[in-house]
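Below you'll find the structure, written out as structure tokens, and then a few comments.
What follows draws every value from the coordinates through simple rules; no lab data is involved. The structure displayed is predicted, hence computed values, not measured ones. Glycine gets a Cβ as well: all are built from the backbone with ideal geometry, and neighbour counts include every protein chain shown.
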Amino acid sequence: MYYLPNYWEVWPLFIDNYTPVPNTLLRMSKGITMALSQADVLAGIKEIVEEVAGIPAASIELDKNFTDDLEVDSLSMVEVVVACEERFGVKIPDEKVTELATVGDAVNFIVNAAA
Amino acid sequence: MSRVIASKTGSESQILAVGSYRPKRLVPNSEIVDRIESSDEWIQQRTGIESRRFADESETLLDMATWAVEDALKNAKLSITDIDTLIVATITFPFQAPSAATAILQKLGHPKAAAFDINAACAGFSYGVAMAHDFIKSGSSKTVLVVGAEKISDFTDPNDRATAFIFADGAGAVVIGASQEAGIGPVEWGSDADSRDAIQMNPSWIEVRDVETQLTKAGSKWPNIVQEGQKVFRWAVFSMSKAANKALESAGLTVNDLDVFIPHQANIRIIESMAKEMNMPDSVVIADDVRVNGNTSAASIPLAMDALLKKQPELHGKLALLIGYGAGLVYAGQVVKLPPKP
């Protein structure tokens, strides 16, 4: 299973004021998610890719290609995408997935989508 | 004077027996990899499939369906004349009409029962089980045969790198009859019809005819099955685990009450991811017939059920969650009590 974070673990990524609210609310309220920093998203993606595809987080960098460098296959990529959607409260449509070649592409897409 | 239409009521239902027919020829990955420039390792990593069965000319869809019916009837200790309704789930019967169901009745010498085919692709068997249950509950039927039968090799392009290694042939059948206690739970079913294109057989028969008769300039093309793997994977894992949970909920159960999980045998990665997504405990036996026998669409659930019961006879009478999902996209799932030992 991909890593489904508990809200108290990811909460600091979304807001400074630490108050427990349900995960669904986090996902729904764009206003609260505020701007995600590149570093936050990269850290999250590293955890997700490690959990889903078993690739050490240390080897996951912005310029790494999911398929060629990290050997994340197409089905694992789907799991990574769904985990990112849940974690960062963004929607990544199927047709966008093929455009996310590198980790940097994914980070940029998520940062922009959450802005 | 007031005139009212009389109505009937029936009873709860249960699966009385399961039967199957698997084509004789087992085709390992090594036999198909060259045509699609793939490898055994690649296929196994993405689908878990090591081999599949392809039927030959002596094993038509009707033959396989009929043999599966005979096996199920034998296990139920019933004869075809005990059957009042026959439902066949298939998308590969190569005649538009009449149905495969009527052909089976004729072959078995009982041309009297209510009979029809349903097209719900890989979800067809679960749709059929739901209908059989409702027919018995409403009093419309007493004993129903539900058959899932496919010869997908007739509708697969052996050079298609996305599908050539997935699909397979076979037939499975169950006999469903009345019971005191509920042996089949409420169905949880529906569709995601906006994704009709995700799995399809194209072109239409009209286009095939027009190519044959030179009415169009389009290249001749057979309606082989095609699918968008990633889109289907996402839908299957993340939407179907929710549907499966709803089916459990409708039956008043949780994953912890389950003994067996028999999802449509599409791909081992889908099955494993669904089980994880549903937090299925390790104690639940999960069907993995796809590894050896490939994806047989509407036939996959009864075939997997039959294989499990042969391998682990202690599972007879245990609680199983079934969920079928496929082209449409459509799905249906329900909790059933596995049939008793024959």
- Query: What is the mean number of Cβ atoms from other protein chains located within 10 Å of the Cβ atom of each residue in peptide A:84-94, rounded to a whole number?
  - Reply: 1
- Item | Residue-by-residue Karplus 3J(HN,Hα) for the stretch B:131-137, coefficients 6.51, -1.76, 1.60, Hz, glycine and proline x | 5, 4, 4, 5, 4, 6, 5
- Relative contact order of the stretch B:138-239, defined on C-alpha pairs under 8 angstrom at six or more residues apart (%): 28
- Across 5 Å bins from the origin, how do the percents of Cα pairs in the stretch B:12-179 run, short distances first? 1, 9, 17, 20, 17, 12, 9, 7, 4, 2, 0
- Note on the structure: The set of residues whose placed amide H lies less than 5 Å from the amide H of B:Ala115, leaving out same-chain residues fewer than 5 positions away, is B:Leu86
- Note on the structure: Taking B:161-171, A:100-110 and ranking on average Cβ neighbours within 10 Å, highest first, one gets B:161-171, A:100-110
- Query: Residues with amide H under 5 Å of B:Arg53's amide H, sequence separation 5 or more or different chain, H placed in the peptide plane at 1.01 Å from N; which?
  - Reply: B:Val27, B:Asp169
- Give me the compactness ratio for the protein assembly as shown, meaning the Cα radius of gyration over 2.2 N^0.38 Å. 1.07
- Task: Would you mind calculating the relative contact order of the stretch B:12-179 from Cα pairs under 8 angstrom and at least 6 residues apart, reporting the percent as a whole number?
- Result: 37
- Task: Enter the per residue convex hull volume of chain B, computed from alpha-carbon coordinates, in Å³ rounded to the nearest integer.
- Result: 167
- Query: Got a sec to turn the phi values of the stretch B:197-206 into Karplus ³J(HN,Hα) couplings, 6.51 cos²θ - 1.76 cosθ + 1.60 with θ = phi - 60°, whole Hz, x for Gly and Pro?
  - Reply: 6, 5, 9, 7, 10, 9, x, 6, 4, 4
- Query: How crowded by other chains is A:74-83, given as the mean number of beta carbons from other chains within 10 Å of each beta carbon?
  - Reply: 5
- Helix-only mean residue ellipticity at 222 nm for chain B, each DSSP H run of n ≥ 4 adding -39500 (n - 2.57), per residue, nearest 500: -8500 deg cm²/dmol
- In peptide B:232-238, what is the residue-averaged number of other protein chain Cβ atoms found within 10 Å of each Cβ? 4
- Item | Protection proxy ranking of B:80-92, A:54-66, B:266-278, B:184-196 - average other beta-carbon atoms within 10 Å, highest first | B:80-92, B:266-278, B:184-196, A:54-66
- Note on the structure: Whole-Å distance linking the alpha carbon centroid of the stretch B:1-78 with that of the stretch B:135-151 is 15
